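Novice: Below is one structure. I have some questions about it.
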Amino acid sequence: MPDLPPEDTVDVSDPRTLRALAHPLRTGLLALLRSEGPSTASRLGQRLGESSGTTSYHLRQLAGFGLVEEVPGEGTARERWWRARHRSTRWRTEDLVDRPGGREVLEELTHQLLGRQRRMLAAHAEQREALEPAWRGAVSLNDWALRLSPEAAAELTEELNGVLERWRATREEPGRPLVHVLVDLFPLSEDPG
């Protein structure tokens with residue numbers, strides 16, 4: 001199991017920090033550092049098809065916002081090792097939407113996150129036949145629909161996130177594969193069919 005980031009979650013309330021995350025390459029760098037553990041700009045560049053200079057620049061930008069950091073005691077002046085500082089990032093839309101630049105960066109990040117989720121689900125669809133039988137039986141792709149007030153929906157979101165936080169804190173199994181859990185809760189004025 002890769003080295004885990006030193007902190008569990010970062011709560012973001014500044015649109016400038018979200019803006020730093022809104023760059024697709026930075027999102028990709030942070031995702032790799034979280035899922036695969038510490039790495040160098042060169043290795044990350046190879047994984048993402050970018051030059052080490054480009055990845056190094058974007059790692060420094062993420063570090064400036066406290067999202068990544070150099071690994072203490074690792075690397076050299078020419079080859080620095082980086083790690084994510086947090087296992088996850090969260091924010092509350094209502095804390096950001098009315099701040100200067102908040103609405104725009106929330107919109108941009110929403111589209112990025114939806115794109116990432118689509119890519120993850122597509123990758124699963126391509127890889128599912130190669131899964132061991134136990135994993136095929138454990139996979140869950142569910143679609144629930146409930147009639148709720150905004151207050152009840154917020155309560156449900158908090159409860160679901162609490163369950164996942166508790167499992168991460170008490171039930172993770174070192175050395176086991178990383179399992180992705182997507183939790184989306186939203187109203188639609190019309191079902192797209």
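The values are calculated or read from the model by the stated rules, or taken from the named source; none is laboratory data. Nothing here was measured: the structure is a model prediction, and the numbers come from that model. Cβ placement follows ideal geometry from the backbone for every residue including glycine, while neighbour counts extend to all protein chains displayed. Remember, those area values only see protein heavy atoms, side chains included, never the ligands or the DNA or RNA. Shrake-Rupley method; radii C 1.70, N 1.55, O 1.52, S 1.80 Å.
Novice: Given a 1.4 Å probe and every protein chain left where it sits, what share in percent of the accessible area of region 2-55 is carbon and sulfur?
Specialist: C and S atoms contribute 46 percent here.
Novice: May I ask you to give the solvent-accessible area per residue for region 88-184, in square angstrom, as obtained with a 1.4 angstrom probe?
Specialist: I get 84 Å² per residue for region 88-184.
Novice: A further question on this structure: Only sites in a loop by DSSP and with at most 11 other Cβ atoms within 10 Å count here; which GluC sites (Glu not before Pro) in region 139-190 make the cut?
Specialist: GLU190
Novice: Per residue, how large is the accessible surface of region 1-55? Use a 1.4 angstrom probe and give square angstrom.
Specialist: 47
Novice: Based on alpha-carbon centroids, what's the gap between region 123-193 and region 2-18 in Å, whole number please?
Specialist: 21
Novice: Further question: Given a 1.4 angstrom probe, I'd like the percentage of the accessible area of region 85-127 that is carbon and sulfur, rounded to a whole number.
Specialist: Carbon and sulfur together cover 50 percent of it.
Novice: Also, I was wondering about something else. On average over all directions, what projected area in square nanometres does region 47-175 have, based on the convex hull of its Cα atoms?
Specialist: Computed as one quarter of the Cα hull surface, the answer is 12.4 nm².
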